[in-house]
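Readers should treat all values here as calculations from the given coordinates under stated rules, not as data from a laboratory. Because the structure is predicted, anything quoted here is derived from the model rather than measured. All Cβ positions, glycine included, derive from the backbone under ideal geometry; neighbour counts span all protein chains shown.
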Amino acid sequence: GAWWAAVAVLGAEMTGGMLASLWPRLKEGAFGTKVKVATIEEAEAIPVGTITYFVDQRFYLSRVESGFLAIYRKCTHVGCVVPWLPDAPSEDALGTSGRFNCPCHGGIFDRHGVVMAGPPLRPLDIFPITIEEGNLVVNTGKIIQREEFNESQVTKI
């Protein structure tokens with residue numbers, strides 16, 4: 001009877017451990033959660049054309065003429081991490097230098113995440129930005145795929 005009880009306890013522990021692993025425990029501010037990036041005052045002080053990289057949250061905050069875009073760092077071609085190259089020639093009128101360059105197949109994107117050259121067929125994905133309690137908040141748990149850039153994708157402050 002003791003052996004059967006030990007087997008039952010071991011089975012219950014294994015089942016409990018497996019079920020617990022199926023529900024991720026996301027830390028506040030981690031990828032897949034809402035991330036506070038700046039207060040409204042701090043955001044307003046960011047110059048147009050600035051790109052800020054949030055490494056652990058896997059996105060770039062792009063300050064464009066009319067507001068902000070939270071651009072996912074994953075290339076829409078085959079999923080490579082797309083770095084921001086601040087010294088590369090600019091692909092837009094927001095700055096004299098800087099663009100996104102995919103190292104895998106040469107995809108080039110501007111500050112809006114729009115494809116300027118290479119094999120990607122659509123712009124970089126974005127995350128929704130909201131204003132909550134006076135803060136700019138990016139929801140990295142919701143990826144928005146887009147076929148083109150339009151002004152409705154920009155969060156205005």
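Key figures for this structure:
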read-out	value
Test item: Cα-centred dipole of the chain, Lys/Arg +1 and Asp/Glu -1 on Cβ, debye	440
Mean ellipticity per residue at 222 nm, deg cm²/dmol - from DSSP H runs of n ≥ 4 across the chain, formula -39500 (n - 2.57)	-5000 deg cm²/dmol
Potential lengthening between Ser66 and Val48 on full extension [0.36 nm per residue; Cα-Cα distance subtracted]	5.6 nm
Cα lying deepest toward the dipole's positive end in the chain, options Leu69, Thr39, Phe54, charges on Cβ	Phe54
Degrees separating the helix 2-21 axis from the principal Cα axis of the chain, which is the longest one	10
Distance in nm between pseudo-label sites at Glu147 and Ser21 (7 Å out along the Cβ direction from Cα)	4.1
Proximal lysines relative to Lys142, as straight alpha-carbon distance under 17 Å, when same-chain residues fewer than 8 apart are discounted	Lys27, Lys34, Lys36, Lys74
Restricting region 91-157 to GluC sites (Glu not before Pro) in coil, as DSSP defines it, with at most 15 other Cβ within 10 Å	Glu133, Glu147, Glu148
Reach of Lys156 by Cα under 16 Å, taken over aspartates and glutamates that are not fewer than 8 positions away in the same chain	Glu41, Glu42, Glu44, Glu65, Glu132, Glu133
